[in-house]
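> To start, I am sharing the structure in question, which I have written as structure tokens.
Read the figures in this text as sums done on the coordinates, not as results from a lab. Quantities reported herein were computed from a predicted structural model and do not represent experimental measurements. Cβ placement follows ideal geometry from the backbone for every residue including glycine, while neighbour counts extend to all protein chains displayed.
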Amino acid sequence: MAEQERRQRPADRKGDESDRSEIETTGAAEEISDRIDDLLDEIDTVLEENAEEFVKNYVQKGGQ
Amino acid sequence: MALRKVLGTETEFGITVLNQAAFNPVVASSAVVSSYAGNRSRIQWSLDEESPGRDLRGFRIAEGPGIDFETGLVNTVLTNGARLYVDHAHPEYSSPECADPRSAALYDKAGERVMVEAVEAAQRLLGPDERLVVHKNNTDGKGNSYGAHENYLIARAIPFDRIVRHLTAFFVTRQIFTGSGKIGSENGRPPVDYQITQRADFFEEEIGLETTLKRPIINTRDEPHADPSRYRRLHVILGDANRSEVQTFLKLGTTALVLDAIEDGAFPDPIELVDPVREVWSVSHDPKLEYAMETTDRGRLTALEIQWQYLDVIQQYARSIGVGPVWTQVLGEWEQILLDLETDPRSTADRLDWTAKLRILEGYRSRDGLAWNDSKLRLLDLQYHDVDPQRGLYQRLVDRGAIRRLFDDQQVELATIEPPEDTRAFFRGTCVHRYPEALVSANWDSLVFDIGEETLKRVPMMEPLRGTRRHVASMLEASPTAAAMIRALGGNDG
């Protein structure tokens, strides 16, 4: 019985949480996609130039 | 009553030099460590008292030829009480001993700042086109992994098998909030587009002494760096290096609380997994958090379900003993991260490296139509961890306010210089600062001074919670020289 109560609690909390996030996301989707586009543009300016070369040469031996 | 947790972290950083044909990681790591300005006095770390081959289960592995535990090339102690050195082919920062997870998260972050300053200084030694790049990550994506270890002081009196039985399912499932994220799989594990952790693919045993081959979920190294009759140091190797401060705090805080509860016998029967080694990577390979693992007597449970059960026990335990504000903060963050992961893992991108990185990768995939094995995505995966404040993608997120922090830059900068006040690191760090000429070598549990007498003077520090500001600050302030300090301590021939 105690076991069952424990298993149910997360589900109850999940219910509350989904209600809240629904309210928050309504009408905010466009703003979020603008923000991610802006972030990617910024990352483009700092990203190492030759991706293939960088990834190929990145070898880290001798670790724990 | 559980022992007060003394804890700390060790981080091996990834290192490379761009445009350098003769790049040698040992040489580059030595340059980084020895260039750090905070290292001016170059006090050597002494390995006399260390024996990493000793096993918590009571036997030793042979330290014969072919087992090289340390390069011993550059190995120093900082004024904040930390150790900065070259371990194998990586620069490594071991934080000072801290008395709570908030302090430990701060000193872990200070290690990144130390590395930034060390890299800037070492860069001056390089040619005009050469550039040093240091990452706080755990894998090169080609099957080579390097560690981010956690250490927790626990009571010797607690049977080690009890710790193992209660801790294994916790370690396997805490990965959902300790992972730093990785594209693909390594070490022969099944293919996956993106996984939660950097390290999971490399774990092959349930329990053992190794750290470089056949890595175990529970590491049995028995090297307490403290009174061995009273203490063990649990050396945790199943964890990722985290850039997020909240994540480091969560990782250390939840683990310390679980250890406390184990020591106090607060857990009912342990949750036992049928195949823990398989579940380490199975949990990591499931960023949707839907995978259910087989337990010996509770059917199949998801990582989240198991974490809720641990949290439940710990909440009751915390109420029964009464805990301070830092631990209340751990419990609050723990409950919130489970709620948010359950609702939508993307909602944790302000706190967890694996979801923050995934957000960037998904953004590039949708904008540029990139496949998961595209070099550009693999570069983004690496560059997230670059410690450089301009190029590191984690830092770009922080600067935009997209990542929640626990500390400000001033606190982090100060923590690169000042030791924690509430452990023996205070005594170590303050002696490095006050008596650099006389301090011959330092160690976790002793300092050796040359005060111009026939013998060197060794000051043992076998109790991690002595040598604090409260214990020694006035004595140190009243001692203008190391000789005066040794006299004040009553002398101790070494």
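> I need B:Trp45, B:Trp308 ordered by Cβ neighbour count within 10 Å, fewest first.
Starting with the residue having the fewest Cβ neighbours, the order is B:Trp45, B:Trp308.
> A follow-up question, please. Treating the beta-carbon of each Lys and Arg as +1 and of each Asp and Glu as -1, no other charges, what is the dipole magnitude of region B:196-274 about its Cα centre, to the nearest 20 debye? Each step should come with its number before you reach the end.
Numbers: 9 positive and 15 negative charges, 67 e Å.
Taking the Cα centre of region B:196-274 as origin, the dipole is about 320 debye.
> Using only the Cα atoms of region B:65-194, construct the convex hull and provide its projected area averaged over every direction, in square nanometres to one decimal. Numbers along the way, then the final one.
Values: hull surface 49.5 nm².
In nm², the orientation-averaged hull projection of region B:65-194 is 12.4.
> A further question on this structure: Taking the Cα centre of region B:390-494 as the origin, how large is its charge dipole in debye, to the nearest 20, when only Lys and Arg (+1) and Asp and Glu (-1) carry charge on their Cβ atoms?
Working: 14 positive and 15 negative charges, 98 e Å.
For this selection, approximately 480 debye.
> Continuing with the same structure: Long-range amide H contacts for B:Ser244: which residues qualify at under 5 Å (H placed 1.01 Å from N, peptide plane, sequence gap of 5 or more or a different chain)?
Under 5 Å from the amide H of B:Ser244: B:Asp353.
> Hey, another quick one. Could you give the spread of the C-alpha atoms of region B:7-414 along their three principal axes, from largest to smallest, in whole angstroms?
Result, largest extent first: 62, 56, 42 Å.
> Something else: Could you run the Karplus curve 6.51 cos²θ - 1.76 cosθ + 1.60 with θ = phi - 60° over region B:431-440 and give me ³J(HN,Hα) per residue in whole Hz, x for Gly and Pro?
5, 4, 6, 7, 10, x, 6, 8, 7, 7
> Which whole number gives the average count of other chain Cβ atoms within 10 Å of the Cβ atoms across peptide A:34-46?
Working: counts 0, 3, 8, 2, 1, 8, 7, 1, 5, 10, 3, 3, 9.
Taking the mean over all residues of the peptide, I get 5.
> Computed over the Cα atoms of region B:421-489, what is the convex hull's projected area averaged over all directions, in nm²?
On the way: hull surface 16.1 nm².
The number I arrive at for region B:421-489 is 4.0 nm².
> Long-range amide H contacts for B:Asp87: which residues qualify at under 5 Å (H placed 1.01 Å from N, peptide plane, sequence gap of 5 or more or a different chain)?
So B:Asp87 has HN proximity to B:Glu92.
> How are the C-alpha pair distances of region B:117-207 spread across 5 Å bins, as whole percents from the shortest bin up?
Reading the bins upward from 0: 2, 10, 16, 17, 14, 12, 11, 9, 5, 3, 1, 0.
> Here's something else I'd like to know. Can you run phi through the Karplus equation (6.51, -1.76, 1.60; θ = phi - 60°) for region B:322-332 and list ³J(HN,Hα) in whole Hz, with x for Gly and Pro?
x, 10, x, x, 5, 6, 5, 5, 4, 5, x
> Further question: Given the peptides B:273-283, B:136-146, arrange them by the average over their residues of other C-beta atoms within 10 Å, most packed first.
Output ranking for B:273-283, B:136-146: B:136-146, B:273-283.
> Additional query: Identify all lysines with a Cα-Cα distance to A:Lys56 below 23 Å; exclude those on the same chain that are fewer than 8 residues away in sequence.
The qualifying lysines are B:Lys136, B:Lys142, B:Lys182, B:Lys357, B:Lys376.
> Another question, then. In cubic angstrom, how much convex hull volume per residue do the alpha carbon atoms of region B:361-413 span? It would help to have the intermediate numbers written out before the result.
Values: hull volume 4.8 nm³, N = 53.
Taking only Cα atoms, region B:361-413 has a hull volume of 91 Å³ per residue.
> Positive end of the charge dipole of the protein assembly as shown (Lys, Arg +1 and Asp, Glu -1 on Cβ, about the Cα centre): tell me which of A:Asn57, B:Tyr435, B:Ile337 has its Cα farthest that way.
Among A:Asn57, B:Tyr435, B:Ile337, the one farthest towards the positive end of the dipole of the protein assembly as shown is B:Tyr435.
> Can you compute log10 of I(q)/I(0) for the protein assembly as shown with the Debye formula, treating each Cα as one identical point scatterer, at q = 0.06, 0.07 Å⁻¹?
Computed log10 I(q)/I(0) values: -0.29, -0.40.
> Kirkwood Rh, Cα Rg: Rg to Rh for region B:312-470? Write out the running numbers ahead of the final one.
Values: Rg = 22.9 Å, Rh = 20.2 Å.
Taking Rh as the inverse mean 1/r over Cα pairs, Rg/Rh reads 1.13.
> Okay, next question. Just to be sure I understand: if I project the alpha-carbon convex hull of region B:387-439 onto a plane and average over all orientations, what area do I get in nm²?
Values: hull surface 20.9 nm².
Across all orientations, region B:387-439 yields a mean hull projection of 5.2 nm².
> How would B:Asp399, B:Asp388 line up from fewest to most surrounding beta-carbon atoms within 10 angstrom?
Going from least to most buried by this count: B:Asp399, B:Asp388.
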